[in-house]
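Heads up: the structure comes next, in structure tokens.
Values quoted throughout were computed directly from the atomic coordinates according to the rules given, and no laboratory measurement underlies them. Note that the structure is predicted; figures quoted are calculated from it, not measured. Cβ: placed from backbone, ideal geometry, glycine included. Neighbour counts: every protein chain shown.
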Amino acid sequence: MSLGVTVGISFGSLFGLILIWFLISVLKSFIVVAQNERVIVESWGKYNRTLTAGFHCLMPVRDRIRKILWKHNQISVNKYGNETIQMTQSLVHKIDLRESLFDFPLQSIITRDNVELKIHLMALYQIVDPVRVCYEIYDLPLAVGNLVKTTLRSVIGAMGLDDTLASRDEINQLIQQKVSHICLNWGFKLNKVELLEIIPTKDVQIAMNSQIAAERIRRASIIEADGQREKVRTEAEGATQKMIAISKGRQQVTILIARGQADSRTLIAEGEARALKVLAEAVKPFNVDATQYLISIKYLETFGKIATSSSRSIVYFPLNTNLVGEFRTILNTRKK
């Protein structure tokens, strides 16, 4: 084969390779950007423009798409049903503006009272400035992850175990406040931070369970003591009310008996007064005092009781009595 033919074949092959490369470059210059996606275009290594949703054509050789380093979470489930999260890293040329999720692995953190906790953290983010994402920082996911982790350690490190377990909302707000303004400088907006799990160690869990059991026993004892106290107080109040009711009843009975006795005495006195008046009218013709008459009757009744008694008695009459005289006067008057 002659030299000319060899040179021709070489130039033809080179031209063909150049033509194929040019065609490939032209085909690659056509790009379609989806909704909520952005593409950064550089010209000769310098930022040129940002491509929005739609069809675009790049200048071959001159224009180049800027790629960024990004991480993706891949969730896999094993045969036992356990989920594992694997993070993969790759270079991407399309920047997604939709809200996405950062799922951080378990973080081991020490609280203020030297208790070790395992914390599972989640963050919702959104890219708001693609240009800053490309040129202000190299590995944005790594930077944000380390920033959130260190902030989480500083926040929980200043809190005790009980405060950490009871202040999830406060922890979320503190982390978001401390990280958000830094992320905005990188074209990155942190919408929300959530603590998914706070897992104490086994020793701490055993101690917490013992504390909860002791607290329940204490509350049960307090409730039982309160019940016993209420029972005693209720029984005492019942006994007091019973005694009061009995006293009031006795008082009413005594009052009624006294009133009855007073009424009966009044009636007896009124009857005796009327009998005395009748007796006075009856003995008036005999010039006998009714009072002396009644006294004489009482004397006679007494003498009769003494006479009928089984024992032997000696009765002494007073010298100034006119009992016999009164009876004698009444008998003389009846004979006449």
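Miscellaneous remarks
- Tail weight of P(r) past 18 Å, computed on alpha-carbon pairs of the range 1-66, percent: 53 percent
- Estimated vicinal HN-Hα couplings, Hz - the range 119-132 in sequence order (Karplus 6.51, -1.76, 1.60; Gly, Pro = x): 10, 9, 10, 9, 9, 9, 9, 7, 7, 10, 9, x, 5, 5
- Taken about its Cα centre, the range 1-66 carries a charge dipole of roughly 220 debye when the Cβ of each Lys and Arg holds +1 and the Cβ of each Asp and Glu holds -1.
- A Cβ-based charge dipole, computed about the Cα centre of the range 67-200 with Lys and Arg at +1 and Asp and Glu at -1, lands at about 460 debye.
- Interchain or long-range residues, amide H under 5 Å from Leu97's placed H: Glu37, Arg38
- Computed from backbone phi, the HN-Hα couplings of the range 260-275 come to x, 4, 5, 5, 5, 5, 4, 5, 4, 5, 5, x, 5, 5, 5, 5 Hz, rounded to whole numbers (Karplus: 6.51 cos²θ - 1.76 cosθ + 1.60, θ = phi - 60°; Gly and Pro given as x).
- Residues Trp44, Trp186, arranged from fewest to most other Cβ atoms within 10 angstrom of their Cβ, appear as Trp44, Trp186.
- Of Lys178/Lys202; Lys28/Lys192; Lys71/Lys192; Lys149/Lys202, those spanning more than 29 Å from alpha-carbon to alpha-carbon: Lys178/Lys202; Lys28/Lys192
- Rg/Rg_ref, the range 216-282, where Rg_ref = 2.2 N^0.38 Å and atoms are Cα: 2.61
- Couplings for the range 144-153, taken from phi via the Karplus curve 6.51 cos²θ - 1.76 cosθ + 1.60 with θ = phi - 60°, read 5, x, 5, 5, 5, 5, 5, 5, 4, 5 Hz in order; Gly and Pro are left as x.
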